[in-house]
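First comes the structure, then the notes that go with it.
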Amino acid sequence: MADLEQRQMLADTADRLFADATKSAETDAAGFDAALWAQAVELGLPSLLVPEGLGGAGGDWEDACVVLQAAGFHAVPLPLAEHLIAAQFAAVAGIDVPTTMLSFASAVEGRFSASRTFEGRLLGVPWGRHAGAVVALQPDRPDGVPLLIRRSDAFEVEPHVNPAGEPRDTLVTRGSPFLVGQPRPDGLLLHERLAVARCAQIAGALRAALQRSVEYAGTRKQFGRAIGQFQAVQQQLAQFGTEVAAASAAATAACRAMARLGNGVTAADARFTIGAAKLRCNLAIGVGTSTAHQVHAAIGFTREYDLRRSTQRLWSWRSEGGNDRDWSDRLGRQVCARGAEHFWSDLTARDDAASSPRE
Amino acid sequence: MPTPFTFDPVDLPPGIPAFRAEIREWLAREMPRDYPSHQRANCWAVYDADFSRRLGARGWIGMVWPKTYGGHERSPIERYVLMEELLAAGAPVGAHWIGDRQTAPAILRYGTEAQKQRYVPAVARGECFCCIGMSEPNAGSDLASVKTRAERLPDGRWKINGQKIWTTLAHKSHLIIVLARTSPQDEKNRHAGLSQFLLEFGTPGMRVQPITDLVGEQHFNEIFFEDCIVEADGLLGTEGDGWKQVTAELSLERSGPERYLSSMSLFHELLRRVGPDPASDAVRQAIGRLSAEIWTLRQMSLSVAGQLARGEDPYVQAAIVKDLGNVFEQALPPLVQSLADAGVRLEQDSDFVRTLALLLQVSPSFSLRGGTREILRGIIARGLGLR
């Protein structure tokens, strides 16, 4: 949507906002930073993926990519990815997007009454304790009917956090109103959108861990010189660099596929691209986090040192939006079914088609 | 973080799908369906002079060069697409690969008018094959320590003495660019005093001696120069600028799709062997992971091609793609071996086993040729600001 220059401005804006905030704010991830959220809302960042006609900022996934990378880089304690996904999901499903903070449920258990009241449990809701409404897919409906369940007094929160301290709550309700949207409007499920968002965040967080490691290696002295001057350390950091580059390329390409969904990119193409990107990002997390901690040694394992803010998120996000087994199985099944004769032509056809959007 | 670690996606121009179809149609005619799979492996080391001449006649060597010198003035992205299609199909492109990729481009960049006219059109026709005269017995990764000497004679000609080694396809090539010392080594400026020379095979004083590789094939050689006389116009570019010229050549050498596709035919063989619905979770998941890696490497390689097409010099990015690509194409054969069902033994005679056995043995060279893993990671470390 935005041209390159506008996107760079958006990236710079997000970067400045998050850098200033993380310098001043307390860094415990579970502590949702309400003041920062208000600033982000003012800048239109959470509503980036909602069309302007529906009150959003009218951006696309390539715009979201730069914002989410900045959020991942600075490890901001905000439900930015979650709100972006939930708001776009509601918008494309034709549900009025509320102005409160939105999240989504990974699974739903309970009863949906004809009078549009839901009674049951919403599981794995990121930042659920702060959410004003939650989007979900109605269970037992294979076509995936999107729902938006409003937060009411009837809700109770069972608090859970991932290893990074980010809330991943269960919400229990005795009766809350819900809205119903169009089933599978663009062919992609919440899970797949989450995978793309996590890719962008992972690319940002890996970059931060790499930068911190390079800086540390340049100042930490042993045997009379900076450890970054030892070839053994340089080679490890260089390999870390190649993994960061791979994750970043994968995330950027997946976001581009999302931006061109329905316009050169089919839902099936997008699913392959998203799966490949999430899998590649997950692989990069392995090398990245182990090298970052190896270079930092003991200091990296302290609570007050900031490396953990990147690495704990990376370890958590590796399981969110599909882990290695989920995606490698899905991709493997698809590739085997198509066979050797189609592997290469499928691979090239996706990029050829994505390159020619109808404008 | 410095920009070398970003890889922006490329938009391929609109004509690409049609061009791809044209290449595939041509390859289907030129490479029979029963073309052996193990010859599709590492195919840019497979010599087939006749294939190269047919490719040249089709206009697919020297695609981006000026028409004046036998080129076809197509775009760099079209050339990239041709490269990846030839490699993915396992076409035998070894004879002309070096000339097309780096020798003729170096001549076009640094050569005299006479040199361009003499060599470039012949390379484009697929008739002049080239090789790389960089490595020496004591100058591998440390290329600046080359000892081959070129001495200017009073009449302006040059006298070359020394030795090159690991020269791929020297015994079947017509032309070599030799990196030689033209002034004594200066320990304070090791990169100074080097120059490049164009030598035609058959020049008196030049002797090629084959070296058999570990699988018993002959593809690389030693070359000895004994008072080998080169005409004055054999100098390529500027005397003393050899290092700068060679470094530019290495950028071209490192960035292409050949740095991740060398084991592709084995991936295809694996897919054929396991069939459309493999029962094993391990096999399915490994195929999924390999597919994700191939997809990512292609995104990165395309991105570098886009940067080159815009006239940028993605020196660090090229090193990143080559390092990641080599790790991948090198890890693939042992992974496939570990996944193969119990019925596979390496003495068996099938496409799958022959391809696997060959790649198991030659893939260690993938992270040596064109810059070792250690050298590449040194370049990447410098890109990170560590050196």
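The values are calculated or read from the model by the stated rules, or taken from the named source; none is laboratory data. None of these values were measured; they are calculated from a predicted model. Glycine gets a Cβ as well: all are built from the backbone with ideal geometry, and neighbour counts include every protein chain shown. All accessible areas refer to the heavy atoms of the entire protein, side chains included, with ligands and DNA or RNA removed. Shrake-Rupley method; radii C 1.70, N 1.55, O 1.52, S 1.80 Å.
Brief remarks follow.
So that you can scan it fast, the table gives a plain yes or no per residue for (1) of a type outside the set (A, V, I, L, M, F, W, C); (2) out of contact with any Phe, Trp or Tyr (no Cβ under 9 Å at 6 or more places or on another chain); (3) at pLDDT 95 or above:
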{"site": "A:P51", "(1), (2), (3)": "yes, yes, no"}
{"site": "A:A57", "(1), (2), (3)": "no, yes, no"}
{"site": "A:L68", "(1), (2), (3)": "no, yes, yes"}
{"site": "A:A81", "(1), (2), (3)": "no, yes, yes"}
{"site": "A:P98", "(1), (2), (3)": "yes, yes, no"}
{"site": "A:S115", "(1), (2), (3)": "yes, yes, no"}
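- Residue satisfying all of: in segment A:46-63; open to solvent by less than 20 Å² (accessible area, probe 1.4 Å) and not in a loop (DSSP other than H, G, I, E, B); nearest to A:V92 (Cα to Cα) among these: A:W61
- Out of A:S213, A:S248, sole residue that is of a type outside the set (A, V, I, L, M), under 21 Å from B:Q299 (Cβ atoms), outside the structural domain of A:R121 (by TED's automatic domain parsing) and in a helix (DSSP H, G or I): A:S248
- Members of segment B:145-172 that are open to solvent by less than 10 Å² (accessible area, probe 1.4 Å), under 15 Å from B:C130 (Cβ atoms) and not basic (K, R): B:T167, B:A170
- Test: A:A86 is hydrophobic (A, V, I, L, M, F, W, C), over 30 Å from A:Y305 (Cβ atoms) and surrounded by fewer than 24 Cβ atoms within 10 Å (Cβ to Cβ): no
- Condition met for A:A259 (touching a residue at least 60 places away in the same chain (Cβ under 8 Å) and open to solvent by 10 Å² or more (accessible area, probe 1.4 Å)): yes
- The numbered conditions (1) at the interface with another protein chain (Cβ under 10 Å from one of its Cβ atoms); (2) crowded, with 21+ Cβ neighbours inside 10 Å are all true for B:V246 except (1).
- Among residues of segment B:305-357 being basic (K, R) and surrounded by fewer than 15 Cβ atoms within 10 Å (Cβ to Cβ), the one that is nearest to B:P36 (Cα to Cα) is B:R345.
- Pairs meeting the criteria (first residue in segment B:166-181 and free of Cβ contacts under 8 Å to residues at least 40 places away in the same chain, second residue in a loop (DSSP other than H, G, I, E, B) and surrounded by fewer than 20 Cβ atoms within 10 Å (Cβ to Cβ), beta carbons under 6 Å, at least 6 apart or on different chains) are B:R181/B:G193.
- Condition check for B:G383 on (1) more than 9 Å from chain A (Cβ to nearest Cβ); (2) under 28 Å from B:A248 (Cβ atoms): one failure, at (1).
- Residue count, segment A:195-228 (criterion: touching a residue at least 60 places away in the same chain (Cβ under 8 Å), more than 8 Å from chain B (Cβ to nearest Cβ) and open to solvent by less than 20 Å² (accessible area, probe 1.4 Å)): 15
- Sole exception among (1) surrounded by fewer than 16 Cβ atoms within 10 Å (Cβ to Cβ); (2) at pLDDT below 90 for A:R184, by number: (1)
- Check on A:T348, away from chain B (no Cβ under 13 Å), polar (S, T, N, Q) and in contact with a helix residue (DSSP H, G or I) (Cβ under 7 Å, 6 or more places away or on another chain): no
- Boolean, B:R289 is open to solvent by 20 Å² or more (accessible area, probe 1.4 Å), of a type in the set (D, E, K, R) and either within 15 Å of the chain's Cα centre (by Cα) or not assigned by TED's automatic domain parsing to the domain that holds B:Y110 (or both): yes
- Whichever residue in segment A:274-308 is open to solvent by 10 Å² or more (accessible area, probe 1.4 Å) and under 30 Å from A:A349 (Cβ atoms) and, among such residues, is farthest from the other protein chains (Cβ to nearest Cβ): A:L283
- Selection status of A:A25, closer than 26 Å to A:H160 by Cα, in contact with a strand residue (DSSP E or B) (Cβ under 8 Å, 6 or more places away or on another chain) and either of a type in the set (G, A, S) or at pLDDT below 95 (or both): no
- Filtered by the rule that a residue be within 11 Å of chain A (Cβ to nearest Cβ), charged (D, E, K, R) and not in a loop (DSSP other than H, G, I, E, B), segment B:1-57 gives B:R20, B:R24.
- If you filter segment B:178-208 down to residues that are within 22 Å of B:Y119 (Cα to Cα) and touching a helix residue (DSSP H, G or I) at 6+ places or on another chain (Cβ under 6 Å), you find that the one that is surrounded by the most Cβ atoms within 10 Å (Cβ to Cβ) is B:Q196.
- Qualifying positions in segment B:221-235 - part of a strand (DSSP E or B) and either open to solvent by 60 Å² or more (accessible area, probe 1.4 Å) or at positive phi (or both): B:E226, B:D227
- Scanning segment A:229-250 for residues that are of a type outside the set (S, T, N, Q) and either closer than 26 Å to B:S291 by Cα or surrounded by 23 or more Cβ atoms within 10 Å (Cβ to Cβ) (or both) gives A:L237, A:A238, A:F240, A:G241, A:E243, A:V244, A:A245, A:A246, A:A247, A:A249, A:A250.
- Residue in segment B:46-64 that is surrounded by fewer than 23 Cβ atoms within 10 Å (Cβ to Cβ), of a type in the set (A, V, I, L, M, F, W, C) and more than 29 Å from B:A170 (Cβ to Cβ) present: no
- Filtered by the rule that a residue be of a type in the set (V, I, T) and open to solvent by less than 20 Å² (accessible area, probe 1.4 Å), segment A:262-273 gives A:V265, A:T273.
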